[in-house]
1. Could you rank the peptides 305-316, 72-83 by their average count of other C-beta atoms within 10 Å per residue, with the highest value first?
2. Run a plain Debye calculation on region 123-277 (Cα atoms as equal point scatterers, no solvent) and give log10 I(q)/I(0) at q = 0.13, 0.17 Å⁻¹, rounded to two decimals, same order as the q list.
3. Using Cβ counts within 10 Å as a stand-in for footprinting exposure, how do ARG245, ARG64 rank, fewest first?
4. For a test of the definition: using alpha carbon positions, the gyration tensor, and the 1.5 limit on a/c, classify region 74-158 as rounded, prolate or oblate.
5. Expressed as a rounded percentage, what relative contact order does region 160-309 have, with Cα pairs under 8 Å and six or more residues apart?
6. Just to confirm the filter: which GluC sites (Glu not before Pro) across region 138-224 are DSSP coil and have at most 14 other Cβ within 10 angstrom of their Cβ?
7. Compute, for region 159-243, the length of the dipole vector about the Cα centre, with Cβ point charges of +1 (Lys, Arg) and -1 (Asp, Glu) only. Units Debye, rounded to 20.
8. Using the beta-carbon distance between TRP143 and ILE314 and R0 = 45 Å, what value does 1/(1 + (r/R0)^6) give for FRET efficiency, to the nearest 0.05?
Amino acid sequence: MTAAVPSPAPEARAPELSVIVPAFDEADGIATFLDRLFDVLQACCPEHEVWVIDDGSRDDTWTRLREECNGHPRLEGVRFTRNFGKEAAILAGLRHARGRAVVVMDADGQHPPALLPQLLEPWRAGRARIVAGYKVARTGDGWAARLNAFLFNRLMLMLTGLDLSASSDFRLLDREAVDALLAFPERVRFFRGMTVWTGFSTVQVGFDVAPRIAGERRWQTGQLMRLAITAITAYSAKPLALIFRLGVFGMVAALLLLIQALYSWVTGVAVSGWTSLTVVVLFFGSANLLGIGVLGAYLAQLFEEIKARPPFLIRETLCPPKP
Ligand code: UDP
Ligand code: MG
């Protein structure tokens with residue numbers, strides 16, 4: 001007797017494209033953004049759905065989205081119980097999207113919808129499973145955003161070998177790549193790095209980062225630092241190796257000082273090592289703390305994984321179910 005095989009999801013009902021839009025406090029710009037997005041989608045990809053993930057906005061984003069439901073029958077959305085972060089919002093979108101391809105893009109208009117046909121073309125032609133938007137220019141970004149991005153990307157390159165300098169979350173993934181990402185068991189996620197890690201054939205498409213439709217960037221420096229720590233600890237054990245090297249360096253330095261101390265003792269020179277001693281104590285004291293800090297970052301990551309809490313909680317869904 002053969003086991004019952006679950007019937008596959010009806011492929012015919014899956015739209016060609018799902019667009020995932022994480023949104024946090026985007027009330028002022030979301031309607032304009034959706035108008036622009038749906039205009040482009042009607043023209044380039046009539047079989048589509050759009051999932052806006054309201055990441056616990058404190059403003060009227062959700063109310064605006066509900067209003068938008070009437071004009072846009074293909075709009076879907078979920079609202080988190082609180083702000084869980086952009087990575088969680090992207091994950092929620094990936095879980096809900098049914099499209100044969102999925103595009104992730106920001107809600108603030110900085111990822112121009114007009115680029116969608118160019119993202120779709122290599123995928124439709126079968127040339128790539130991932131079509132990644134990369135930032136040719138950052139005209140829409142202020143100096144603080146550029147400096148943050150620069151520091152973050154340098155650190156990532158140094159420690160993980162992943163060059164994310166021009167990369168962005170604005171990218172198209174084939175269903176196969178989406179399913180691969182969803183199968184990852186890890187809780188702590190870094191979307192951009194994970195898609196690069198999968199190794200699926202990728203084509204890059206350049207775009208100019210547009211100015212925000214409204215408001216300021218939502219990331220706070222603290223959040224960005226947490227993202228950097230997540231990204232680094234998830235993709236590299238190099239900081240641990242660096243601590244080891246620092247330890248070796250410290251031992252060599254200590255050995256040299258020991259030789260010097262012994263030499264002074266043998267030759268009868270009065271002990272005058274107070275300065276060097278202070279330097280050594282301070283240096284290795286702080287190096288110890290730094291080392292413990294790095295270990296702590298990895299431990300925190302493990303703790304997050306082991307707790308295995310859901311990465312987000314959904315408060316409500318947007319539009320009434322559609323036929
Ligand atoms: N975002 C989010 N949750 C957050 C922070 C940001 O969903 O906690 C969304 C935000 O609404 C926007 C996108 O992520 O659609 C990018 O955020 P932002 O524009 O602040 O960052 P940047 O453009 O500088 O990367
Ligand atoms: Mg932005």
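1. 72-83, 305-316
2. The Debye formula, applied to the Cα set alone, gives -0.75, -1.09.
3. Fewest-to-most ranking of ARG245, ARG64: ARG245, ARG64.
4. It is oblate, given that a/c is not under 1.5 and a/b is not larger than b/c.
5. Averaging sequence separation for qualifying contacts and normalising by length gives 36 percent for region 160-309.
6. Listed in order of number, the matching sites are GLU186, GLU216.
7. Dipole magnitude for region 159-243 comes out near 320 debye.
8. 0.75
Each value in this text was obtained by applying a stated rule to the coordinates, not by laboratory testing. Computed from a predicted model, the values in this text were never measured in an experiment. Every residue, glycine among them, receives a Cβ derived from its backbone with ideal geometry; neighbour counts consider all protein chains shown.
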